[in-house]
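Data block below; observations after.
The values are calculated or read from the model by the stated rules, or taken from the named source; none is laboratory data. Computed from a predicted structure; not experimentally measured. Using ideal geometry, Cβ is built from the backbone for each residue, glycine included, and neighbour counts are taken over all protein chains shown. Just the protein is used for accessible areas: all its heavy atoms, side chains included, with ligands, DNA and RNA removed. Shrake-Rupley method; radii C 1.70, N 1.55, O 1.52, S 1.80 Å.
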Amino acid sequence: MGFLSKLFGGGPTIDGLRKAMEQKRFADARVMVEELLEKPLADEELEEVKQLKAAAGDGLARLNLDEALGYQRAGEEKRAVEHLELALAQVCSVELRKEIEAAALLAPTVEPPEQAAIGHKHSGSCSSCGPQVMEPLSSDDIEFPDHESQLELILTSYPPQIAERYQQKGEQFLQAFLLSHSGQDDVALAHWQQVPPIEQDELYWFELGAAQARVGQVKQACKNLEKALQLAPGLLPASEMLIQVLVSLGDAEAAMNRLEQMLEQGQDPAFCHVQLVLVRLQQQQQGQALTHARQALALGVIDPNFLQLAASLLEQAGEMEEAETVLRRIPSGGGCGGGGGMSLPLAEFLLRQKRDLGKLLDTFNAACRQDPQNPRWQLRAAQTYMARNWTKEGLELLNKVVHDPQLDPELKQEAEQLLASQKA
């Protein structure tokens, strides 16, 4: 969901991902996977997340295949084609892909499998897994729920009084709702537009606005989320979604007004303070951003991305001890976490202060082994060599990494400046 996920609110966990898969919430699982892959993960955790990603893709593909077969039996070829294309974009396993391709032969207007796997913009394709993936969790091991069971599973996370209202909605509303919550917002939008006026209450405008936001129709989403809040000012999910849309649009004043209202009403203060950090940074008000960052930290926000942001603000303000304390909350481990017993953000912080250089070298070398395609960690290793006065090793690695086309321009400038200082 990108900026539409709840920024820095603690984020998903692997246990949560496992639970989503157990409950057959494949669309939710797919979103959780993408966020988890941006976090520090140990090797075994990373492997499990990749396996669950493949299983979630197959889960969605199976649901779409079943829908397509139903529409084929009913003679609704156009609807069948839509679901077959989605299934081809989502599938990971060889066996299930063959089933979908066999069904596609009965629908001559469906995109060829090679195109469908690439061309479906909003499907959240899992096709990069490729036909060769042989994941332990295959779709054949998963029982797929009917629509009533899907609805019950989705509504388990809703407050009981709200869930009851959804269950009483008409067929058109529920069909759009299920499509949205299975990751098919682009298909769902047409169904949302067909919901009769009598059912266009605050829940309708919230769901429509959320779906529009997820497919990038942010201005229209903003209007419809506003409608939802006009009808029900206390609808917290609509407020949170609207704030994130406003922040993404750069409308700092409108976002600020909403956030202040939410704080006055005691609505989700941790979320509000995180968003206020982003708004104040848009306004280039570093001091106020830092104030809100400290309040968010005090309220228990632990997302690694937010911790890095808060630590950066503290470091810029000269609060080095406090910045280090915040960075030490970020877990170490595989992936973005690096190795050597500390997280990579903490290692970079300590490198700027030329502290614990031996441990830093272990950390950056471990990161180079785990993420060999990322030249950032090669640069950090080179800088650590130079800080330890191991000039020969440092220059050798520095001359190699400075020409890497994948090196970020800002990091390339660091490398060039360090090389120039050695020639002076």
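Would a scan of segment 206-217 turn up a residue that is open to solvent by 20 Å² or more (accessible area, probe 1.4 Å), within 23 Å of GLU152 (Cα to Cα) and at pLDDT 90 or above?
Taking segment 206-217 and keeping what is open to solvent by 20 Å² or more (accessible area, probe 1.4 Å), we get 206, 214-217.
Checking the rest, the ones that are also within 23 Å of GLU152 (Cα to Cα) come to 206, 214.
Okay, now just the ones that are also at pLDDT 90 or above, so 206.
Yes, that holds for at least one residue.
Could you grab me the full set of residues in segment 84-107 that are open to solvent by less than 60 Å² (accessible area, probe 1.4 Å) and modelled with pLDDT under 80?
Within segment 84-107, ALA102, ALA103, ALA104, ALA107 meet the criteria.
All but one of (1) out of contact with any Ser or Thr (no Cβ under 7 Å at 6 or more places or on another chain); (2) of a type outside the set (Ser, Thr, Tyr); (3) open to solvent by 60 Å² or more (accessible area, probe 1.4 Å) hold for PRO331; which doesn't?
(1)
Please work out which residue is farthest from ASN64 (Cα to Cα), limiting yourself to segment 190-202 and to residues that are assigned to a helix (DSSP H, G or I) and touching a Leu at 6+ places or on another chain (Cβ under 8 Å).
As a first pass, look at segment 190-202 and keep what is assigned to a helix (DSSP H, G or I): 190-192, 197-199, 202.
The next check asks that each one be touching a Leu at 6+ places or on another chain (Cβ under 8 Å); those that pass are 191-192, 202.
Numbers: HIS191: 16, TRP192: 19, GLU202: 29 Å.
So, considering only residues that are assigned to a helix (DSSP H, G or I) and touching a Leu at 6+ places or on another chain (Cβ under 8 Å), the one farthest from ASN64 (Cα to Cα) is GLU202.
May I ask you to say which residue of PHE3, PHE8 is modelled with pLDDT under 75, of a type in the set (Phe, Trp, Tyr) and not in a loop (DSSP other than H, G, I, E, B)?
PHE3
Tell me the residue from GLY209, GLY234 that is more than 30 Å from LEU41 (Cβ to Cβ) and not in a helix (DSSP H, G or I), please.
GLY234
Taking LYS53 as the residue in question, decide whether it is open to solvent by 30 Å² or more (accessible area, probe 1.4 Å), at pLDDT 80 or above, within 30 Å of THR13 (Cα to Cα) and not hydrophobic (A, V, I, L, M, F, W, C).
Considered against the rule, which asks whether it is open to solvent by 30 Å² or more (accessible area, probe 1.4 Å), at pLDDT 80 or above, within 30 Å of THR13 (Cα to Cα) and not hydrophobic (A, V, I, L, M, F, W, C), LYS53 comes out as yes.
If a residue has to be surrounded by fewer than 19 Cβ atoms within 10 Å (Cβ to Cβ) and over 22 Å from PHE306 (Cα atoms) to count, how many in segment 25-48 make the cut?
Count: 4.
Quick one: LYS169 ticks every box in (1) assigned to a helix (DSSP H, G or I); (2) touching a residue at least 12 places away in the same chain (Cβ under 8 Å) except a single one, so which number is it?
So LYS169 meets the others, but not (1).
For segment 154-164, which positions are open to solvent by less than 80 Å² (accessible area, probe 1.4 Å) and of a type outside the set (Gly, Ala, Ser)?
If the condition is that a residue be open to solvent by less than 80 Å² (accessible area, probe 1.4 Å) and of a type outside the set (Gly, Ala, Ser), then ILE154, LEU155, TYR158, PRO159, ILE162 are the ones that fit.
Which condition does GLY266 not pass, out of (1) in a helix (DSSP H, G or I); (2) surrounded by fewer than 22 Cβ atoms within 10 Å (Cβ to Cβ); (3) without any contact (Cβ under 8 Å) to a residue 60 or more places away in the chain, if it passes all the others?
It is condition (1) that GLY266 fails.
Conditions first: (1) within 28 Å of ALA188 (Cα to Cα); (2) without any contact (Cβ under 8 Å) to a residue 12 or more places away in the chain; (3) among the β-branched types (Val, Ile, Thr). VAL218 passes all but one, so which condition is the exception?
Status for VAL218: all satisfied but (2).
Modelled with pLDDT under 95, of a type in the set (Asp, Glu) and within 20 Å of LEU36 (Cβ to Cβ) - does that describe any residue in segment 349-364?
no
Using beta carbons and a limit of 8 Å, which pairs, at least six apart or on different chains, have the first residue in segment 182-202 and touching a residue at least 60 places away in the same chain (Cβ under 8 Å) and the second one among the hydroxyl-bearing types (Ser, Thr, Tyr) and open to solvent by less than 50 Å² (accessible area, probe 1.4 Å)?
GLY183/SER123; GLN184/SER123; ASP186/SER123
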